[in-house]
Amino acid sequence: LLGPLLFNKQAVVSVAELGVALLLFSIGLEFSLSRLKKMGSFAIFGGMLQVLTTLILFAVLFNLIFPLKVAIALGAMVALSSTAIVLRMLVDRSEIDSPRGRNALGILLLQDIAIVPLVLAVTLLSHGGSLVQVGLQLVKTIGAAAGLILIFYLLFYQIIPRVLATALFANRELVVLLTIVLATGATWSAHALGLSPALGAFLAGMLLAESPFAAQIRSDIGSIRVLFVTLFFTSIGMLADPIWFIDNWSIVLILLLLVFFGKALIIYGLGIIFGMSHRAAIATGITLAQVGEFSLVLAGVASAGGLISDHVFALLISVT
């Protein structure tokens, strides 16, 4: 309500984009294959199936109203849940180690990993063109991503650990500064290559997670991440249009109920398939039944590419 009156909206949005990149960088720092394996089969396969099943079912549903490309993009947005809100709620309620907490954390981790290919997919859908053009763009993008991964591997595995181990960088403040430079540099590099900036940040974090300084880096950038994520949610609030919401409250309510019960039922069904109790499956489904903050990143990509209209964008913001 007050944001557009008090702040420069474009400046907040720009800073918030940096916040998203930093959030993905920190998620990359948390990610490791060994940690994922410890969460069990539901975290790995259940998370993958949740994203794919939700995307496909809602895409089929949205395709009754929207063109196929738009329906797929909307299905991808609905498939994601809110990492920031769910984790905060579980920690505040001391339920992070409960069956619901572990299951939700596993699915959220897979969703966070899925953000990168989903952003790429929505970007390709926004570009339009024939299947051949989309295929060429995909090959070009994969090639650029492979080159970026190779450079990052040499930088973060070979050079940076040795630099951090020297006496010069034993100072804690210099490690924090170097980490921020690496995160923003990786973000800029991905953008310069025509890739998602979020992809660059995530890769940098994931590769740095293998360094002996990962725990210190995670600890030191925590407060910075909170600041930028707060600005990110502020920018989302400034995107909302209260007048549009009031004028279209019935459509928003219908879609909200559809998303909430649809996602809860999908996750409940997957939980039962993977041998969870009815109670734990229902609790996990309800916990993850909302639309996540990264859905709005996808919406921003789709809106900037002309894939979705302002009306659809306002509807997604309102439902979220």
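With the requirement that a residue be open to solvent by 20 Å² or more (accessible area, probe 1.4 Å), β-branched (Val, Ile, Thr) and in a helix (DSSP H, G or I), what does the stretch 96-129 give you?
Selection gives 113, 116, 123.
Which condition number in (1) free of Cβ contacts under 8 Å to residues at least 60 places away in the same chain; (2) under 24 Å from the mean Cα position of the chain (by Cα); (3) open to solvent by less than 20 Å² (accessible area, probe 1.4 Å) is the one that residue 201 fails?
It fails just one condition, (1).
Here is a check on your reading of the model: is residue 12 open to solvent by less than 70 Å² (accessible area, probe 1.4 Å) and either modelled with pLDDT under 90 or of a type in the set (Ser, Thr, Tyr) (or both)?
yes
Pick from 25, 42: which is aromatic (Phe, Trp, Tyr), at pLDDT below 75 and surrounded by 14 or more Cβ atoms within 10 Å (Cβ to Cβ)?
42
Tell me, yes or no, whether the stretch 47-68 has at least one residue that is at pLDDT 85 or above, open to solvent by less than 10 Å² (accessible area, probe 1.4 Å) and not in a helix (DSSP H, G or I).
No: the stretch 47-68 contains no residue that is at pLDDT 85 or above, open to solvent by less than 10 Å² (accessible area, probe 1.4 Å) and not in a helix (DSSP H, G or I).
Suppose we filter 252, 181, 226, 163 for residues that are surrounded by fewer than 16 Cβ atoms within 10 Å (Cβ to Cβ), touching a Phe, Trp or Tyr at 6+ places or on another chain (Cβ under 8 Å), more than 24 Å from residue 117 (Cβ to Cβ) and not charged (D, E, K, R); which single one remains?
Criteria check complete, one pass: 163.
Taking only the stretch 75-86 into account, find how many residues are open to solvent by less than 10 Å² (accessible area, probe 1.4 Å) and assigned to a helix (DSSP H, G or I).
Qualifying residue count, the stretch 75-86: 6.
Give all pairs with beta carbons closer than 9 Å in which a residue from the stretch 220-242 that is closer than 18 Å to residue 82 by Cα meets a residue that is assigned to a helix (DSSP H, G or I) and of a type in the set (D, E, K, R); count only pairs at least 6 apart in sequence or on separate chains.
Final answer for the pair search is 229/293; 232/17; 232/293; 233/293; 235/9; 235/17; 236/293; 239/9.
List every residue pair whose Cβ atoms sit under 7 Å apart, with the two residues 6 or more apart in sequence or on different chains, where the first one lies in the stretch 112-140 and is under 17 Å from residue 59 (Cα atoms) and the second, anywhere, is modelled with pLDDT of 80 or more and surrounded by fewer than 14 Cβ atoms within 10 Å (Cβ to Cβ).
Taking only residues 6 or more apart or on different chains, the pairs are 126/306.
Please name all residue pairs, on different chains or six or more residues apart, with Cβ atoms under 7 Å, provided the first residue is in the stretch 251-277 and is among the aromatic types (Phe, Trp, Tyr) and the second residue is open to solvent by 80 Å² or more (accessible area, probe 1.4 Å) and modelled with pLDDT under 95.
Between residues of the stretch 251-277 that are among the aromatic types (Phe, Trp, Tyr) and residues that are open to solvent by 80 Å² or more (accessible area, probe 1.4 Å) and modelled with pLDDT under 95, the close pairs are 268/282.
Read through the list (1) open to solvent by 40 Å² or more (accessible area, probe 1.4 Å); (2) within 22 Å of the chain's Cα centre (by Cα), then give the number of the only condition that residue 207 fails.
Evaluating residue 207 over (1) open to solvent by 40 Å² or more (accessible area, probe 1.4 Å); (2) within 22 Å of the chain's Cα centre (by Cα) leaves (1) as the failure.
The values are calculated or read from the model by the stated rules, or taken from the named source; none is laboratory data. Predicted, not measured: the structure shown is a model, and the values here were computed from it. Heads up, the Cβs are rebuilt from the backbone with ideal geometry, glycines too, and the neighbour counts pull from every protein chain shown. For accessibility, only protein heavy atoms count, side chains too; no ligands or nucleic acids. Shrake-Rupley method; radii C 1.70, N 1.55, O 1.52, S 1.80 Å.
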